[in-house]
Amino acid sequence: MTSEAAIEAIDVARTYALDGVSVPALRGVSLSIGHGEHVALVGPSGSGKSTLMHLLGGLDQPTSGRLRIGGRDVAGLTTAEMAHLRNATIGFVFQSFHLLSRTSALDNVALPLVYRGMGARERRERAGQMLERVGLGHRVGHRPNQLSGGEQQRVAIARALVTEPVVLLADEPTGNLDQATGAAVLELLEQLNTAEGVAVVLVTHDREVAARARRQITMRDGRIVSDTAAADRPACGEAPDGAQFDDAGHAGGDGTHTDAGEAGR
C-alpha cells in the first residue's frame, strides 16, 4: 500500500453461502482510494458495487484477499477495534438516510461522537457547526419527519462528516430524491470534497451522477472492468468496453450489513 492510499483492497473476494450454495459477489478486486479523491463506483444491479462499498467501509470482511483501511489491515481486528476504525476513518451516507425518527437533526448528527466518548456539550456544539456547514443551521431542532428529503440527506451528510473522516462512502445518495434536489446534494458533496479534502466514493447506477466524478470505476459480475480518470473516459452515453448499465431500480444499502440475499449487488 502506498502512503497516499486511504483505503486499499488487494485481490479481494467475497463469497456468500446461500441455501448451501456458494455465491461469489466479488472476484479478485484490487483498488486503492487516495486522500481527496472523488470516485464513482458504477455498474448494474448484481455487479458487486454495494458489496465492495460495504467492504471498503469495514461493514463486512472479505472471504479472501487483503483490505487496509486507514493504513490498518482489517484481518484479525476484533468487532470493537473494527468499530473504532470505522468511526475514526469512514463516514457513511445511504439512500434511505437512516436517521433516528424521534431525534432532532442536531442529536442525529451528534450521535457518532457518543462513541468517541465526547461530552454532551462538545458533541452538540460540533454537530451544530456541521449543520451550519451543510446549510441547515436553522433546522437543528427539527425531527426527520419535519424535514424534506433533501434536508434529511443533508443531515445524513453532516452526521457522516462530524467525525472528520478520511473517506466518505455514499451508496446511491440521490436515489430517493427528485432530480433538482439530488443535484444539490451532489454539489454539496463536491464542495466538501474540494474544501475539506475528504475522499468521496459514490456508488451509483446513474451515468449522469457518475460523470461528475473525477475517477470512475465500473464493475460487472463482481469484477472491475474499467478504472478511468475523467479525461480518459468515453463521451457521455457511451459505456466503457465490457461495461453495462441498467436504468431500472436502485441498489441501496441498509447502513449496517450486507446479507447473503444481497450478494453481488
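Each residue of segment 62-75 was assigned a 3J(HN,Hα) from its phi angle through the Karplus expression (A = 6.51, B = -1.76, C = 1.60, θ = phi - 60°), giving x, 6, 8, x, 10, 10, 10, 10, x, x, 10, 6, 7, 4 Hz with x at Gly and Pro.
Taking the Cα centre of the chain as origin, work out the dipole magnitude from +1 charges on Lys and Arg Cβ and -1 charges on Asp and Glu Cβ, in debye rounded to 20.
740
Helix 179-196 and the long axis of the chain differ in direction by around 90°, with both axes built from C-alpha atoms. Would you please give the FRET efficiency between ARG72 and THR194, computed as 1/(1 + (r/R0)^6) with r the Cβ-Cβ distance and R0 = 25 Å, to the nearest 0.05? FRET efficiency, ARG72 to THR194: 0.40. Across the options ALA110, LEU52, HIS84, the greatest Cα extent toward the positive end of the charge dipole of segment 1-141 (unit charges at beta carbon of Lys, Arg, Asp, Glu) belongs to ALA110. The 3J(HN,Hα) values that the Karplus relation (6.51, -1.76, 1.60; θ = phi - 60°) gives for segment 34-43 are, in residue order, x, 4, x, 6, 10, 10, 10, 9, 10, x Hz. Gly and Pro appear as x.
Using Cα atoms only, what is the angle between the long axis of helix 105-114 and the major principal axis of the chain, expressed in degrees (0 to 90) to the nearest 10? Roughly 70 degrees between the two axes.
Name the residue from ALA170, THR218, VAL185 whose Cα lies farthest towards the positive end of the charge dipole of segment 169-221, charges +1 on Cβ of Lys and Arg and -1 on Cβ of Asp and Glu. Towards the positive end, the residue furthest out is THR218. Taking every DSSP bridge with both residues inside the chain, close to 55 percent are antiparallel. The value of relative contact order for segment 1-85, using C-alpha pairs under 8 Å at least six residues apart, is 35 percent. Amide H contacts for HIS38 (H built 1.01 Å from N in the peptide plane; partners 5 or more residues away or on another chain; cut-off under 5 Å): VAL200, ARG214, ARG215.
Dividing the mean sequence gap of close Cα pairs (under 8 Å, 6+ apart) by how many residues the chain holds gives a relative contact order of 30 percent. For segment 109-230, the relative contact order comes to 19 percent (Cα pairs under 8 Å, sequence separation of at least 6). Taking Cα atoms, how many degrees apart are the long axis of helix 149-161 and the longest axis of the chain, rounded to 10 and kept between 0 and 90? Between helix and principal axis, roughly 80 degrees.
Projected onto its three principal axes, the C-alpha set of segment 40-127 covers 43, 31, 20 Å, listed from the longest axis down.
Loop-located trypsin sites (Lys or Arg not before Pro) in segment 102-178 (DSSP state not H, G, I, E or B) with no more than 12 neighbouring Cβ atoms inside 10 Å: ARG102.
Any read-out appearing in this document is the output of simple, stated calculations on the displayed coordinates, not a laboratory observation. Because the structure is a prediction, the values reported are computed rather than measured. Virtual Cβ from ideal backbone geometry, glycine too; neighbours counted across all protein chains shown.
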